[in-house]
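Remarks on the structure that follows.
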Amino acid sequence: MNSDPNGFRSRKPHSIGRALDLCLAIPGIQPTRCLSMLYPLWEVEVLAEVESKEEYEVFDQYVERAISEAGVTTAEGISAFFRIEPPLVLRVLRFLQAIGHVVLMDGHYRLTELGARSQREAIRYTVKETRQNLLFDALSLTPLTREHQAGEIRTFDRRAVLAENEDLRYFQLLTAGVLNGRVAFDPAALRALENLPERDEHNLPRTLRNLRLVKAWEVYLPLHLVETVTDRGDTRLLAISQLPGGPDDLLSRLCDSQTEVRNLFNSEPEADPEDVLVSWLDRQGLPTTDVLTQLPNGVWRATLPEDMFNSNSLRPTRIGRFQQTKGRFMQIWCDKLAQRRLAALERGLWLIQSRLKRLDDLQAGLDRLTEQLEIDRLTVSDLKDHAVATGKVKETLRIDSLS
């Protein structure tokens, strides 16, 4: 795992809007509340032993065979057996001791288990030390998966969290120490991980053994938590991390099982969702009468007049996006098709500022926007025409650079 003690990795957290879109795409559930949090993890540096295979040097192998097959177990005996000067024999024996193939007891050399196995298989096995970084959930000490520990997953250390960081502006901090009093990482979690049959899935290859803790520090993973209700009336939390494809299964299970995490939704006084959303509109100086409607999927939508989206406070790009307030959310909307098409084109220009490499990926992003904004399909050609018409030279060149 690529790790930085400052806790920075390259990918930005998902927006809450993207998180809600992912949950709304799941059949049989209805999102009801949401919040953005910095989930505590332990990033742990461990020292481990790893076994490697090498070809034998000829004399090394002969010395081991003399010990195991001929019963010649002293340096003097081996020197006489091969008629080789004692200093050379002693140098080889010291090397074999250093790599764990032989031990010296009462002046006699014996093969270790590693040395005997090497002889049997005619491969020189050696054990070396290596360092490995692992991530654990700070609340339950559950190891995260290999996917969580890929180089593009981004975490933040405490210093970054407390600094003014635009990426974390709307995330609230959840600290493990406050919840369960744990102030240090428990090395027993390493032993438990080492004994897991599925340890490979948690970024610990089977070639590593004898884990020893070097250091551990607390880092935070940006998460969006969405409270949902199933068709059967069950309440379930879904966690949206930086993993692609939808809710994060492991962190969803962990968050859903933690009473402390569930209680985060109850930190705000219970209020009617419509009242909460109307209050936000009122604070922004936006219309509040006959604005809110609840869609069949349970999502609240605030439909605002077209002229509201020409002000500095409410740009056209806000159309179709979600606004979160006090755990509730609503979709900002405009009935005018032309405004929604403009919003899609402007947000399409945002897409090409990301790390897209293929035109197909850009078109897929445009397809998501047209579905979300309920407009006719936009093509890459439409987006390029818009970039040219609005004088967006960099964006135009960026589209041309995609294959």
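The values are calculated or read from the model by the stated rules, or taken from the named source; none is laboratory data. None of these values were measured; they are calculated from a predicted model. FYI the Cβ positions are ideal-geometry reconstructions off the backbone, even for glycines, and counts take in every protein chain you see. These area figures cover heavy atoms from the full protein model, side chains too; ligands, DNA and RNA do not enter into them. Shrake-Rupley method; radii C 1.70, N 1.55, O 1.52, S 1.80 Å.
Stretch Ala122-Ser140 to full length: gain in nm at 0.36 nm per residue minus the Cα-Cα span? Walk me through the numbers before you get to the answer.
Values: separation 18, 0.36 × 18 = 6.48 nm, distance 4.48 nm.
Extra length from Ala122 to Ser140 when fully extended: 2.0 nm.
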- Message: Starting from 0.36 nm per residue, how many nanometres of slack lie between Lys326 and Thr112 once their C-alpha separation is accounted for?
- Response: 70.6 nm
- Query: Past the 32 Å Cα-Cα mark, which pairs from Lys336/Lys384; Lys326/Lys384; Lys128/Lys357; Lys215/Lys357?
  - Reply: Lys326/Lys384; Lys128/Lys357; Lys215/Lys357
- Task: Give the calculated FRET efficiency between Ser381 and Lys357 to the nearest 0.05, with a Förster radius of 22 Å applied to their Cβ-Cβ distance.
- Result: 0.75
- Accessible area per residue, Å², the chain with all protein chains present, probe 1.4 Å: 52
- Any helix of the chain counts here only if DSSP assigns it H throughout, its Cα atoms span 15 Å or more along the axis, and its mean Kyte-Doolittle hydropathy is at least 0.0, and such helices are 58-68, 86-98, 337-351
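How large is the translational diffusion coefficient of the range 38-176 in µm² per second when you combine the Kirkwood radius over alpha carbon pairs with Stokes-Einstein at 10 °C and 1.306 mPa s?
Diffusion coefficient, whole number: 83 µm²/s.
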- Task: Two decimals is fine: what's Rg over Rh for the range 191-284, C-alpha atoms, Kirkwood radius as Rh?
- Result: 1.12
- Query: Over all distinct alpha-carbon pairs, what is the Kirkwood Rh of the range 256-331 in angstrom?
  - Reply: 13.8
- Task: Any chance you could list P(r) for the range 218-372, counting all Cα-Cα pairs in 5 angstrom bins from zero, rounded to whole %?
- Result: 1, 8, 13, 16, 17, 17, 15, 10, 3, 0
- Query: Translational D (Stokes-Einstein, µm²/s) of the range 291-364 at 37 °C and 0.692 mPa s when Rh comes from the Kirkwood sum over C-alpha pairs?
  - Reply: 240
- Note on the structure: Residue separation between Ala184 and Asp249 times 0.36 nm, minus their alpha-carbon distance, gives in nm 20.8 nm
- Task: Find out how many positive minus negative residues lie around Gly71, taking Lys and Arg as positive, Asp and Glu as negative, among other residues whose Cβ is under 12 Å from that of Gly71.
- Result: +1
- Grab the beta carbon distance between Ala70 and Glu49, set R0 = 30 Å, and tell me the FRET efficiency rounded to 0.05. 0.45
- Cut-off 17 Å, label 7 Å out along Cα→Cβ of Arg232, residues of the range 21-45 by amide N: 27-30
- Query: Distance in nm between label sites at Thr259 and Asp282, each 7 Å beyond Cα in the beta-carbon direction?
  - Reply: 3.6
- Message: Give the average over all directions of the projected area of the C-alpha convex hull of the range 231-275, one decimal, in nm².
- Response: 4.7
- Taking protein heavy atoms only, a 1.4 Å probe, and rounding to whole percent, the accessible area of the chain owed to carbon and sulfur comes out at 49
- Note on the structure: Given a Förster distance of 22 Å, the FRET efficiency implied by the Cβ-Cβ spacing of Arg83 and Leu104, rounded to the nearest 0.05, works out to 0.50
- Normalised Cα Rg of the chain, dividing by 2.2 N^0.38 Å with N its residue count, works out at 1.42
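With +1 on each Lys and Arg Cβ and -1 on each Asp and Glu Cβ, and nothing else charged, work out how big the dipole of the range 277-333 is about its Cα centre, in Debye to the nearest 20.
It works out to roughly 300 debye.
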